[in-house]
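Okay, so here's the structure we're looking at.
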Amino acid sequence: MATDSRTTGGLAVATSGARAATEAALKSKSNRDRTLNTVFVALMMFAILFALVGLVALIVFMFAEGGGRLTWGLLTNPPSTIHPDQAGFRTALLGTLYVIGGVVLLIVPLGVGAAVYLEEFANSERWWNRLIELNIQNLAGVPSIVYGILGLAFIVRGPLSLGFVAAAGSLTLALLVLPTVILAAREAIRAVPSSIADGSLALGATQWQTIWKQILPAALPGILTGIILAVARAIGEAAPLLLVGAVTFVTFNPRFFSDGYSTLPVMIYQYSNRPQEEFRILAAAGVLVMLALVLLMNSLAVWLRDRFERSW
Amino acid sequence: MNDLTTTQSTGSRPLSATDRPESRKFRAEMPTSTNDEALETVISVRDLSVRYGSFKAVDEVGLSIYQKQITALIGPSGCGKSTVLRCFNRMNDLIPSARVSGHIEYHGVDLYGDEVDPVEVRRRIGMVFQKPNPFPKSIYDNIAFGPTVLGYKGNMDELVEESLRRAALWEEVKDKLDESGMAISGGQQQRLCIARAIATSPDVILMDEPCSALDPIATLRIEELMLELKKDYSIVIVTHNMQQAARVSDRTAFFSVDVNDTGQRTGRLVEYDLTDRIFTAPSETETEDYITGRFG
């Protein structure tokens, strides 16, 4: 290929000129920009550290104090005020399982049902539907002690008159976390593209078949995550339970509809109120058990979300 | 398949009706295409108007869809061709503000009659959408869903294979029926959606710009498929692509749009005739202007 050396040279000069200009332009980021960048990164790192340090401090202190008590006996022994060195959390753990089991049984059908109604059936232009939506969002922010009062007045006493039983605790905590579950389930249902519902309806599926076989399965990961996070919150609640009966110091296994039950957070509260050193250690060990339980639940949430995660 | 590769190898030259000798031959073999009386009418539309709230989207449309033919609805954006299509299987019912007036008869029965169940309508008049919308399930379950909800009791494996074969997808997916319907290419997804529609044995298949999200090769495969499917089904296709209408359809309805003083756009049917006539000797100047590219 014959080339004209003069033209090539001219081209080379032009190219190097353009290159220099481009280089200068690309490097023109000012020092001020760079400093601001660094400051913002540092601020964000600080925010993460602040949150982490709190958690790490809690775990370290609790391990230092209650780590020595971490034995199977801690889980299987009943509580005792006479022999604190042999006392455990058996009845409280069982109480927690009973109460939370009841919560799950209540919030899954109620939460998902309400979310399906609001997303798929309710006409959001009607004022009563908008009122319901507004109320649910408000209820999600109501302090838990208010639900405790409600449970005491309407579930333990009042119309339901269940008495101070585990079922009353379940109902109260279910009411407390229901708004969160509804909101999470609605988000998950709304995230399913309408093209999936259209495709299903165009095949001659009814609205119910479309919801049950297409929308809910597609929304499942989000709904599950919402439910598990709500349950993790319910496990840690002590205040409303104190009002609806979980104060009793029980040495026998609880039952769902008979008086006398305790839960982990309530038991920890009980032990930590006692002046003796042994009980403070016991409370710290209880905190570790709680932390492990919540960590387990949250890991389950993450696992379920990843397992069912879809993209469209 | 060989025809397909040769056509593609012509490179970037835009496809036109003459590139597809077989489609012209197909039309020449249709002795009835010049004789309306011999064709059975599947859907007949009279004075159809659609409003969204106070806004009139389509005004006074009248046309007939004939059995085992491909009818194309063409026209500029906003002319209401998709709206008309969605009236045929009552998908407009899903839009709360939509109001349909006029008459649409399906085999002589008023589709919007009081006792007509839209779910039953959709079981007979299937639909393929603009954007491929496979369900987030396995390829097998994508096909099996329709027959299952309709209470199909036969051999599901056979039905799935048969549907995928008819949609010319079987060979490509037979070894991965358990994989997600969303893990295949866009063109394959659209053929999966067609297979899904066929699996419920509809009478009519509506296609709303089925190729607008696909590349030319995938488009060509869908077009081949449509020509194959019209042996058994009546097909109505909305398309932006005039060459596509010319290549595949027997009849073409050209829609245009009127803009009133307040900027509202109302679609109307300008001309409806055999595709050959629409593209060679349209009777309206508006049609001619559009197909020759002078507007729209």
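Name the one entry in B:GLU115, B:GLU158 that is modelled with pLDDT under 90, surrounded by fewer than 13 Cβ atoms within 10 Å (Cβ to Cβ) and not in a strand (DSSP E or B).
None of the others qualify; the one that does is B:GLU115.
Farther than 30 Å from A:ILE281 by Cβ and either under 33 Å from the mean Cα position of the chain (by Cα) or free of Cβ contacts under 8 Å to residues at least 24 places away in the same chain (or both): which single residue out of A:PHE61, A:PHE46 fits that description?
A:PHE46
Across region B:257-289, what is the total count of residues that are closer than 19 Å to B:VAL84 by Cβ, exposed (fewer than 12 other Cβ atoms within 10 Å of the Cβ) and either among the acidic types (Asp, Glu) or touching a Cys at 6+ places or on another chain (Cβ under 8 Å) (or both)?
0
Out of curiosity, is A:SER200 buried (at least 17 other Cβ atoms within 10 Å of the Cβ) and touching a Ser or Thr at 6+ places or on another chain (Cβ under 6 Å)?
yes
Inspect all residues belonging to region A:199-209 and state whether any of them is modelled with pLDDT of 90 or more, farther than 19 Å from B:ARG90 by Cβ and of a type in the set (Phe, Trp, Tyr).
Looking through region A:199-209, none of the residues is modelled with pLDDT of 90 or more, farther than 19 Å from B:ARG90 by Cβ and of a type in the set (Phe, Trp, Tyr).
Do we find that A:ALA168 is closer than 17 Å to A:GLU133 by Cβ and crowded, with 24+ Cβ neighbours inside 10 Å in this structure?
In short, no.
Restricting to region B:57-77, give me the number of residues that are more than 16 Å from the chain's Cα centre (by Cα), surrounded by fewer than 21 Cβ atoms within 10 Å (Cβ to Cβ) and farther than 12 Å from B:ALA253 by Cβ.
Number of matching residues: 4.
Looking at B:SER64, B:SER82 in this structure, which one is touching a strand residue (DSSP E or B) at 6+ places or on another chain (Cβ under 6 Å), modelled with pLDDT of 80 or more and outside any helix (DSSP H, G or I)?
Answer to the selection: B:SER64.
Enumerate the helices (runs of 4 or more DSSP H) found wholly within region A:85-178, keeping only those where 2 or more residues are acidic (Asp, Glu) and touching a residue at least 12 places away in the same chain (Cβ under 8 Å).
Helices (runs of 4 or more DSSP H) meeting the threshold: none at all.
Name every residue in region B:125-153 that is under 16 Å from the mean Cα position of the chain (by Cα) and either at the interface with another protein chain (Cβ under 8 Å from one of its Cβ atoms) or surrounded by 19 or more Cβ atoms within 10 Å (Cβ to Cβ) (or both), in order of residue number.
Hits for region B:125-153 are B:ILE125, B:GLY126, B:MET127, B:VAL128, B:PHE129, B:LYS131, B:PRO132, B:ASN133.
For region A:281-312, enumerate the residues that are within 14 Å of chain B (Cβ to nearest Cβ) and either surrounded by 15 or more Cβ atoms within 10 Å (Cβ to Cβ) or charged (D, E, K, R) (or both).
Across region A:281-312, the qualifying residues are A:ARG307, A:PHE308, A:GLU309, A:ARG310.
Within region B:161-192, count every residue that is among the aliphatic types (A, V, I, L, M) and within 14 Å of another protein chain (Cβ to nearest Cβ).
The total comes to 4.
Can we say B:ALA253 is outside any strand (DSSP E or B) and of a type in the set (A, V, I, L, M)?
Considered against the rule, which asks whether it is outside any strand (DSSP E or B) and of a type in the set (A, V, I, L, M), B:ALA253 comes out as no.
Out of everything in region B:154-200 that is of a type in the set (Lys, Arg) and within 24 Å of the chain's Cα centre (by Cα), what residue ends up being farthest from A:GLY204 (Cα to Cα)?
Top of the filtered list is B:ARG165.
Consider B:ALA144 against the criteria (1) assigned to a loop (DSSP other than H, G, I, E, B); (2) touching a residue at least 12 places away in the same chain (Cβ under 8 Å): it satisfies all of them except one. Which criterion is unmet?
It is condition (1) that B:ALA144 fails.
Residues in region B:175-197: is at least one assigned to a helix (DSSP H, G or I), at pLDDT 90 or above and of a type in the set (Val, Ile, Thr)?
Yes: one or more hits.
The values are calculated or read from the model by the stated rules, or taken from the named source; none is laboratory data. Bear in mind that the values here come from a model prediction, so they are computed numbers and not experimental data. Here Cβ is always computed from backbone atoms with ideal geometry, including for glycine, and neighbour counts include all displayed protein chains.
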